[in-house]
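Each reported figure results from applying straightforward, stated rules to the coordinates on display, with no laboratory input. None of the values given here were measured: they were computed from a predicted structure. Ideal geometry is used to build each Cβ from the backbone, glycine not excepted, and the neighbour counts take in all protein chains shown.
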Amino acid sequence: MGKRLDTRLNEEDRLALEQVVRKSPDWRARERAKTLLLLSQPLLSREVAKLQNLHIETVRMTWQHWVKEGRDGLVDKPRRGAPRKLDESAVDRLVQWAKEKPSTAVELLQRHTQAQGTPVNTDTLIRALKAKGLVWKRTRHCLKKSEMTPSSPSPARKSTS
């Protein structure tokens, strides 16, 4: 037999969770709010897990976060990740160079590495410049067709009727 958590919610919390389910742009927060609302009904953790296709431990952890943190427990916490490839001073220098003389990403990258900057991919450089509000477009080459004057008229086709 399963163990039932004491999952009573007051009216204010219930309304707040229903609001999150209806209007939150974060799907994880919506899912966690649904879990909490289901737990407040007379359902066991494993029944809620089965209804939502979640692991039972996920349901229990959602409740524990709710008890400890309240509404703040619905959203994900910031996570650690890899350090930035371009530090803020390098990005500022790149923005300044791009404003002084419009260049291609490859040219800016070459100038960056010559200035003892850390080597990065051109996509990383473009992403950093876009984040600073610069509009970045690739260089387009003209595809005009050269006008050719035929030296001799093309032979007429013979019809086989």
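Could you compute Rg(Cα) / (2.2 N^0.38 Å) for region 45-142, with N its residue count?
Working: Rg = 22.7 Å, N = 98, 2.2 N^0.38 = 12.6 Å.
For region 45-142, the normalised Cα radius of gyration is 1.81.
Could you work out the relative contact order of region 1-133? I mean the mean sequence separation of Cα pairs under 8 Å and 6+ apart, divided by the number of residues, in percent.
Working: 97 pairs, mean separation 23.5, N = 133.
Relative contact order for region 1-133 comes out at 18 percent.
Take the Cβ-Cβ distance between SER89 and GLU47 as r, set R0 to 45 Å, and report the resulting FRET efficiency rounded to the nearest 0.05. Walk me through the numbers on the way to the answer.
Working: r = 55 Å, r/R0 = 1.23.
Approximately 0.25, to the nearest 0.05.
With charges set only on the Cβ (+1 for Lys and Arg, -1 for Asp and Glu), what does the dipole of region 51-113 come to about its Cα centre, in debye to the nearest 20? Working shown, then result.
Values: 12 positive and 9 negative charges, 14 e Å.
Charge dipole, region 51-113, about its Cα centre: 60 debye, nearest 20.
Throw me the Rg/Rh for region 67-117, computed over C-alpha atoms with Kirkwood Rh, two decimals.
Details: Rg = 18.8 Å, Rh = 14.0 Å.
Across region 67-117, the Cα-based Rg/Rh ratio is 1.34.
What residues of region 41-75 lie in the reach of a label at ARG14, counting those whose backbone N is under 14 Å from a point 7 Å from the Cα along Cα→Cβ?
Residues 41-43 qualify, since their backbone N sits under 14 Å from the label point.
Stretch ARG80-VAL21 to full length: gain in nm at 0.36 nm per residue minus the Cα-Cα span?
18.5 nm
Would you report the distance distribution of C-alpha pairs in region 17-62 as whole percents per 10 angstrom bin, up to the bin with the largest distance?
Cα pair-distance distribution for region 17-62, in percent: 32, 54, 14.
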